[in-house]
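All remarks here apply to the structure that follows.
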Amino acid sequence: QPDLVLLGPHLGPATQRVIASVGVRTERVDVPATIEQSRQQVLKVARAVGHEARGKALLARIDAALAQAAPPAGAAPVPALFRMAGGLVPGQGTLADELLARTGFRNVSADHGLAMWDILPLEPLIANPPRLLLADQAKAGRHAALLAAVPGLAAADFPDRMLQCAGPNLIEAAKRLARIRRTVGAS
């Protein structure tokens, strides 16, 4: 008996109608494509549950994490690529792309001819590796050893879950990306 159900864009119309028919209050939330859209979503949800002040406090923490994760002035962006389970790569125009840019990286998905969300098989990745591959090491399986053998390719663990939702995840994602940038920049 929830008081509120948040409906995402991928929820089927029949399910939406059933939820509405039982009188449960609903609020639609989309998948944010930018940090600003994520910020607006945090406020929308906070207002919907009657905790706007807590939402604003979360935004302050997100903003602080992003500011702390920013690269030093004049630092060259590190060429990097997110590769999620199944080879899914977030390209230009995604929240992940903006997160990379804000933390000192350059998303090289376009160098592989990839769209906003696209699949990058292993062969083209190995043939044209980025300087840094960000991937969920827990899901790398048998590919981990193969990718470790690619000359010039550095890999860093970046759990897929950090890209699946915005809001509070931005704090952990920004901190992790800043640590990775410092490590890669030092090598």
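The values are calculated or read from the model by the stated rules, or taken from the named source; none is laboratory data. Predicted, not measured: the structure shown is a model, and the values here were computed from it. Methodologically, a virtual Cβ is constructed for each residue, glycine included, from the backbone with ideal geometry; neighbour enumeration extends over all protein chains shown. Note: areas computed on protein heavy atoms with side chains; ligands, DNA, RNA excluded. Shrake-Rupley method; radii C 1.70, N 1.55, O 1.52, S 1.80 Å.
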Over the chain, calculate the relative contact order: mean separation of alpha carbon pairs under 8 Å at least 6 apart, over the residue count, as a percent.
-> 21 percent
If the cut-off is 23 Å between C-alpha atoms, which lysines fall inside it for K139, apart from same-chain ones fewer than 8 positions away?
-> K175
In a Gaussian network model of the chain with springs linking alpha carbons closer than 10 Å, the residue among S109, S38, S21 that fluctuates most is S21
Which of the listed residues, P77, P90, A48, is farthest toward the dipole's positive end in the stretch 39-94, when Lys, Arg count +1 and Asp, Glu count -1 at the beta-carbon?
-> A48
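When the convex hull of the C-alpha atoms of the stretch 72-185 is computed, what volume per residue in Å³ does it have?
Given the Cα convex hull of the stretch 72-185, per-residue volume reads 99 Å³.
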In a shell of Cβ-Cβ distance under 15 Å around T103, excluding T103 itself, what net charge do Lys and Arg (+1) and Asp and Glu (-1) give?
-> +4
With label points set 7 Å from each Cα along the Cα-to-Cβ direction at V150 and A127, the distance between them in nm comes to 1.3 nm
Summing +1 per Lys or Arg and -1 per Asp or Glu among the other residues with Cβ less than 14 Å from P72's Cβ gives +3
When the charge dipole of the stretch 104-187 is computed with +1 at the Cβ of Lys and Arg and -1 at the Cβ of Asp and Glu, the Cα pointing farthest to the positive end, of N128, A156, A144, is that of A156
In the chain, what percentage of the DSSP-assigned beta bridges are antiparallel, given to the nearest 5?
-> 15 percent
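Ignoring ligands, DNA and RNA, what percent of the accessible area of the stretch 4-50 is carbon or sulfur (1.4 Å)? Walk me through the intermediate numbers first.
On the way: 1660 of 2850 Å².
That fraction is 58 percent.
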In the neighbourhood of I19 defined by beta carbon distances under 14 Å, the net charge of the other residues (Lys, Arg +1; Asp, Glu -1) is +1
Given +1 on the Cβ of Lys and Arg, -1 on the Cβ of Asp and Glu, and no further charges, what dipole in debye does the chain carry about its Cα centre, rounded to the nearest 20?
-> 440 debye
Carbon/sulfur accessible area of the stretch 93-134, % of total, 1.4 Å probe, equals 57 percent
Degrees separating the helix 35-48 axis from the principal Cα axis of the chain, which is the longest one | 30 degrees
Under 17 Å from the A73 label point (7 Å along Cα→beta-carbon), backbone N, the stretch 99-136 = 104
Counting only heavy atoms of the protein chains, get the accessible area per residue of the stretch 1-160 (1.4 Å probe) and round it to a whole Å² value.
-> 54 Å²
